[in-house]
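Please read the structure below before turning to the comments.
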Amino acid sequence: MPVASGNHGLVHLNRVETARPLVALTFDDGPHPVHTPRLLDILAEHRARATFYVIGALVRRYPEIAQRIVAEGHELANHTWSHPTLSRLGNARFLSEIDRTQEIIYQTVGYVPVTMRPPYGAITMRQSRMLAQERNLPTIIWSVDPQDWRRPGPSVVARRMVSGAQPGAIILAHDIHAPTVRAIPEALNGLYGRGLRSVTMSELLGWGQWGPRRRPSRVARNPELRHPI
Ligand SMILES: [Zn+2]
């Protein structure tokens with residue numbers, strides 16, 4: 001199985017150290033057949049880029065949406081195959097959740113994710129270190145959580161996203177909720193108003209754009225054979 005190469009020594013992070021006025025807007029739990037395409041329309045209108053922490057089983061179900069995400073300049077990243085609480089899993093199930101998702105994304109769009117986010121943010125440091133060492137996958141949590149899944153209303157979600165943002169912020173949201181998608185125009189306008197621009201996780205990390213142009217340097221074949229667990 002192809003795996004990501006080059007995690008730059010990162011293991012686990014909540015935000016990125018940068019003085020540049022950039023943030024990463026991240027969307028978990030999709031792709032969703034209705035809400036994700038609507039969100040993509042909004043992001044295109046605002047010329048904003050985002051990172052989608054997708055569920056492997058849903059990429060298999062909605063491959064064309066995953067392909068559209070990448071075609072429009074966004075990034076796909078690993079949010080496990082079936083959204084379990086990873087911290088409760090043994091090594092075999094844990095790695096299978098990650099590896100199946102890397103594989104389906106690679107098969108669907110031709111590129112391998114370079115970061116992962118654990119469901120509920122639940123992962124042990126031992127598991128994060130193992131992922132960084134054995135799969136070159138840093139664990140990305142978040143620094144801004146608007147609690148959009150509680151459905152407080154689009155204005156509240158937008159306000160929380162904007163007020164918590166600063167350079168290097170990683171903003172958590174979910175593209176499976178209609179009110180979250182409706183909050184995004186106001187959130188993007190608010191971020192622009194504070195001089196902040198949304199880029200992908202790879203861009204925020206200074207790795208350049210994830211996708212076609214990065215493919216040769218991001219893909220290595222079977223390095224796990226050199227690092228048996
Ligand atoms: Zn999730």
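The values are calculated or read from the model by the stated rules, or taken from the named source; none is laboratory data. Keep in mind it's a predicted model, so treat the numbers as computed, not measured. All Cβ positions, glycine included, derive from the backbone under ideal geometry; neighbour counts span all protein chains shown. We work out accessible area using only protein heavy atoms, side chains counted, and drop any ligands, DNA or RNA first. Shrake-Rupley method; radii C 1.70, N 1.55, O 1.52, S 1.80 Å.
Computed values, structure above
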item	result
For the chain, alpha-carbon Rg and Dmax in angstrom	16.3, 50
Backbone N within the stretch 119-148 under 17 Å of label point (7 Å from residue 166 Cα along the Cβ vector)	142-146
Sequence-distant residues sharing a close amide H with residue 52 (under 5 Å, placed H)	27, 75, 76, 77
Amide H within-cut-off set for residue 30, under 5 Å, with H built and near neighbours excluded	55, 175
Mean ellipticity per residue at 222 nm, deg cm²/dmol - from DSSP H runs of n ≥ 4 across the chain, formula -39500 (n - 2.57)	-11500 deg cm²/dmol
FRET efficiency for residue 88 and residue 61, using Cβ-Cβ distance with R0 set to 22 Å, rounded to 0.05	0.30
Charge dipole magnitude, Cβ of K and R +1, D and E -1 - the stretch 1-145, Cα centre, debye nearest 20	260
Per residue accessible area of the stretch 44-191, 1.4 Å probe, in Å²	38
Solvent-accessible area, 1.4 Å probe, carbon plus sulfur percent, for the stretch 106-219	48
Loop sites in the stretch 1-105: trypsin sites (Lys or Arg not before Pro), DSSP, at most 11 other Cβ within 10 Å	47
Counting DSSP beta bridges with both ends in the chain, the antiparallel % (nearest 5)	15
FRET efficiency for residue 68 and residue 11, using Cβ-Cβ distance with R0 set to 30 Å, rounded to 0.05	0.40
Of all accessible heavy-atom area on the stretch 15-73, the percent that carbon and sulfur account for (1.4 Å)	49
Residue with peak Gaussian network fluctuation, the chain [Cα springs, cutoff 10 Å], from 167, 152, 21	152
Rg to Rh quotient for the stretch 138-219, alpha carbon positions, Kirkwood Rh	1.03
